[in-house]
Amino acid sequence: MARKQKDFSRLHGHRVVSGPELRATFAEEQGPAHPGRFRRRLFHGVVLTLLLGLIIAGVVGAWAVMTGVVRFPESVSSKAAEQACPATTFDYLPNNKVTVRVYNATGRTGLAKSIADQLKARGYKVAKVDNGQTRYSGAAQVISGPAGQAAAFNIQRNVAGTDYYQDERSDASVDLVLAPGFKELLKPALVDQTPGKLSCPRETRRIADDAKWPVLPSAAP
């Protein structure tokens, strides 16, 4: 009696997939990509590239701003609007209308008092005489608020080679800071009393940060 041959294409009632069929299935999946799927992958790649570029640009931009390589237009305009020296033309104010404080930053003992006495002899009102400190290397610093610019112009005409500085005081007083380069007051007969402008030649010998104006002295108040 012949033995019945087993059907290996089915197992427990389920169809068994053969090797050739599996290979054929994977071959189909690995075939050419569907056009729609390719476009989606391309779109995703472009988006990721753009996002990465934006992130890199943001990091570089932040670094440039923090290090001062890039400055915002408002800051540049604000700086450009500042003038290194007042442009007003002043008449020579009478000496008795000027109140001055004299500071000695030269290290020469008694210099402030000597100059103060000479100024008093010329009619000035001397409000204070004291020692001071400065890194300035010219003849003297002449300092006032906006209300004291005419008086500062008068003092500059009496001391050759000075630099004018403006601070925030509200009165018309003037500080005269005698620096290491100071020698003497001009002789009264040599003082030019014609109208003119304040002098700020410090642009060639700055004593502090060039990006800031006005540069205030470090003289003791």
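For the reader, a short list of remarks on this structure follows.
- Simple spin-label estimate for Ala87 and Leu52 in nanometres, 7 Å along Cα-Cβ: 5.4 nm
- Legend: residue pairs Lys120/Lys197; Lys113/Lys183; Lys120/Lys187; Lys128/Lys197, Cα-Cα distance threshold 20 Å; pairs beyond threshold, Lys120/Lys197; Lys128/Lys197.
- If you sort the three axes of the alpha carbon gyration tensor as a ≥ b ≥ c, you get a/c under 1.5 for segment 93-209, which makes it rounded.
Coordinate-derived values only; no laboratory data. It should be emphasised that the depicted structure is a prediction, and the values quoted were computed from it without experimental measurement. No Cβ is skipped: glycine too gets one built from the backbone with ideal geometry, and neighbour counts run over all protein chains shown.
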